[in-house]
Amino acid sequence: MPPQTTVPSPSWSSRTIDAFGGFAGLVEFSALRPPQWVDTSLPPGFTSMDGTYRANPDWPSLLTEKFLIFGPNFVWLAAALIVYFAAPYDYDVARDPTSPAFRRWLVGRAILNVALVLGYDGFFHALLYGLGWARRPFARGRRYRWSKTVHNAFYSALGALQWTAWEGAMVHLYATGKIGYIDDETSFGTLWGALRFCLACIAVPLFREFHFFFVHRFSHARFAYKYVHALHHRNTDVEPFSGLCMSPAEHLYYLSSVAPSIYWHASPFAFLFNGIHLILSPGASHSGWEDCWQSDQFHYAHHRFFECNYGTPGFPLDRWFGCFRESLSPVTREYRGGGVECLSKAQKEDDNSLSQAGITSRDDAKATLVGFPGWDQIVYHVVTILVLPFCIAVAFSQRGSVPLYVASLVAAMVAVGPLLAALVLSCITAPHGAFASLAKTRHTLLYPFHKEALMGKYGIMLSMTIVVSILPIYHLIHSLLTPDGNGTVYNRIWG
């Protein structure tokens with residue numbers, strides 16, 4: 001059995017590092033050092049995360065400003081503040097979304113967002129893969145492929161464009177009073193407004209932790225994985241552009257993390273910070289290197305083994321659900337989930353050579369734009385990329401007279417349509433005998449969660465996904481199509 005080293009959990013005071021050495025997530029003022037808990041005598045990724053993971057959540061840090069200042073969140077917060085003041089939302093032009101002025105603003109916003117994503121990810125890509133400044137790749141024998149980089153950058157750009165659509169929708173709702181907000185004069189001119197502004201800055205990354213775990217884990221159920229999430233896992237050896245590389249359907253559910261802004265009376269900055277966090281934070285965490293800023297062994301293990309580490313190290317949700325994997329070692333002492341990928345033949349082998357050599361990079365041949373998808377994938381993309389947006393556009397063009405039941409129907413189609421289409425296509429393409437029994441049906445559609453009870457782990461995951469992702473998408477679309485602002489969920493809550 002390959003040896004693993006479990007590093008004792010650092011104290012809260014040592015995490016902050018004396019003399020601000022951990023400012024903005026740096027390690028001893030450097031962006032090219034492995035985390036302090038890493039044992040560099042082991043291959044990259046082979047230090048057990050068990051000690052540090054057991055110490056989380058670190059409540060003294062999470063409930064104060066420390067996790068914003070002494071962590072990567074500071075960079076995304078600073079980026080959001082710059083965008084918020086340098087390129088503010090234009091509520092005047094957003095009142096009429098059909099006006100040429102609004103369309104020009106939206107195009108400019110799209111250019112800004114795409115430039116942010118490609119520039120941010122490109123910086124880390126050039127630093128690590130062009131200049132070669134890091135020294136500890138999680139996988140050895142890595143071969144650089146331009147086709148993989150182009151593939152990842154293309155889908156990341158699509159994610160930035162969809163975020164622009166979310167911005168256009170929310171700014172229009174703000175401008176028309178369908179969703180209320182705290183204006184800048186109140187946020188920066190009153191003590192109560194400033195306090196709420198600061199609380200929103202703390203709340204955004206915390207909500208992201210919970211949202212990401214439940215939505216991400218749900219997308220690994222086999223019926224959803226095949227059509228919604230599999231594209232992201234074309235990368236087993238990740239690089240910065242792969243972070244936001246997702247299908248448009250997955251972008252929809254991923255970006256629903258902005259849900260609190262649909263219901264809560266807060267500054268538009270909370271919405272923007274959430275979005276900047278969503279489109280930028282995956283970049284460096286998918287670097288593929290152990291000695292890089294925001295190095296993320298936790299998530300790299302997820303890409304390597306698939307059915308583990310669905311969340312982040314900040315909250316022990318993966319341990320509570322039995323899907324925590326502590327390192328890249330072929331042997332795990334922690335994993336309790338149902339994914340055979342995590343307990344494959346490597347789990348049964350006593351390969352001591354891995355403890356010295358580390359893991360080998362995979363080619364990721366599927367990460368390319370070259371090739372032709374299967375008929376079921378074509379049908380799925382037609383439904384999610386063409387049909388659903390077309391329905392929104394038609395209904396929105398008639399928003400002044402569209403009946404409420406039509407608004408509800410279109411909103412429901414957008415919120416659950418991608419999942420229903422995935423479920424139907426999974427049933428059609430399932431092998432013969434896949435539904436011969438209830439057990440086989442559950443395995444065919446829900447693997448690796450086929451053994452989880454509806455009144456247990458799977459039910460919790462499903463309920464949370466509905467609450468934090470599906471319902472917000474429904475309410476956002478419904479608010480856009482509702483002719484009367486009083487009919488939006490926000491105004492029903494706040495009056």
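Taking region 422-456 as the search range and keeping residues that are open to solvent by less than 20 Å² (accessible area, probe 1.4 Å) and among the hydrophobic types (A, V, I, L, M, F, W, C), which one is farthest from the chain's Cα centre (by Cα)? Per the stated criteria, the residue is 434. Considering each residue of region 246-256 in turn, none proves to be more than 16 Å from residue 418 (Cα to Cα), surrounded by 22 or more Cβ atoms within 10 Å (Cβ to Cβ) and in contact with a helix residue (DSSP H, G or I) (Cβ under 8 Å, 6 or more places away or on another chain).
Beta carbons closer than 7 Å, at least 6 apart along the sequence or on distinct chains, pair a first residue in region 164-177 that is more than 12 Å from residue 271 (Cα to Cα) and in contact (Cβ under 8 Å) with a residue 40 or more places away in the chain with a second that is among the aliphatic types (A, V, I, L, M) and part of a loop (DSSP other than H, G, I, E, B) for 173/179.
Among the residues of region 174-196, those identified as within 18 Å of residue 481 (Cβ to Cβ) and either part of a loop (DSSP other than H, G, I, E, B) or open to solvent by 60 Å² or more (accessible area, probe 1.4 Å) (or both) are 176, 177, 178, 179.
Residue 171 meets each of the listed conditions (1) crowded, with 19+ Cβ neighbours inside 10 Å; (2) at pLDDT 95 or above; (3) touching a Leu at 6+ places or on another chain (Cβ under 8 Å) apart from (3). Highlighted here would be helices (runs of 4 or more DSSP H) found entirely within region 382-495 that include at least 3 residues which are under 30 Å from residue 182 (Cα atoms) and basic (Lys, Arg), but there are none.
Scanning region 212-268 for residues that are over 19 Å from residue 305 (Cβ atoms) and acidic (Asp, Glu) yields a single hit, 250. Of all residues in region 68-84, those being surrounded by fewer than 18 Cβ atoms within 10 Å (Cβ to Cβ) and more than 18 Å from residue 164 (Cα to Cα) number 3. Looking across region 287-306, just one residue is touching a Gly at 6+ places or on another chain (Cβ under 7 Å), open to solvent by less than 10 Å² (accessible area, probe 1.4 Å) and either assigned to a loop (DSSP other than H, G, I, E, B) or among the basic types (Lys, Arg) (or both), and that is 290. Is it the case that region 141-153 has a residue that's touching a Ser or Thr at 6+ places or on another chain (Cβ under 8 Å) and hydroxyl-bearing (Ser, Thr, Tyr)? Yes, there is a match, as at least one residue in region 141-153 is touching a Ser or Thr at 6+ places or on another chain (Cβ under 8 Å) and hydroxyl-bearing (Ser, Thr, Tyr). Taking the conditions (1) of a type in the set (A, V, I, L, M); (2) over 13 Å from the mean Cα position of the chain (by Cα); (3) more than 30 Å from residue 96 (Cβ to Cβ); (4) assigned to a helix (DSSP H, G or I) in turn, residue 215 satisfies each one other than (2).
The set of residues in region 255-286 that are assigned to a helix (DSSP H, G or I) and small (Gly, Ala, Ser) comprises 256, 257, 259, 261, 270, 275, 283, 284, 285. Flag: residue 10 matches the condition of being assigned to a loop (DSSP other than H, G, I, E, B), modelled with pLDDT under 85 and closer than 27 Å to residue 321 by Cβ. Which pairs do you get when a residue that is at negative phi and touching a residue at least 40 places away in the same chain (Cβ under 8 Å), found in region 284-300, comes within reach of a residue that is charged (D, E, K, R) and assigned to a helix (DSSP H, G or I), reach meaning Cβ atoms under 9 angstrom, with the pair 6+ apart or on two chains? Partner pairs satisfying both residue conditions: 284/121; 286/121; 298/318.
The values are calculated or read from the model by the stated rules, or taken from the named source; none is laboratory data. From a predicted model like this one, the values you see are computed outputs, not experimental measurements. A quick note on method: Cβ atoms are made from the backbone with ideal geometry, for glycine too, and the neighbour counts reach across all protein chains shown. Heads up: the accessible areas ignore ligands, DNA and RNA and are worked out on the full protein's heavy atoms, side chains in. Shrake-Rupley method; radii C 1.70, N 1.55, O 1.52, S 1.80 Å.
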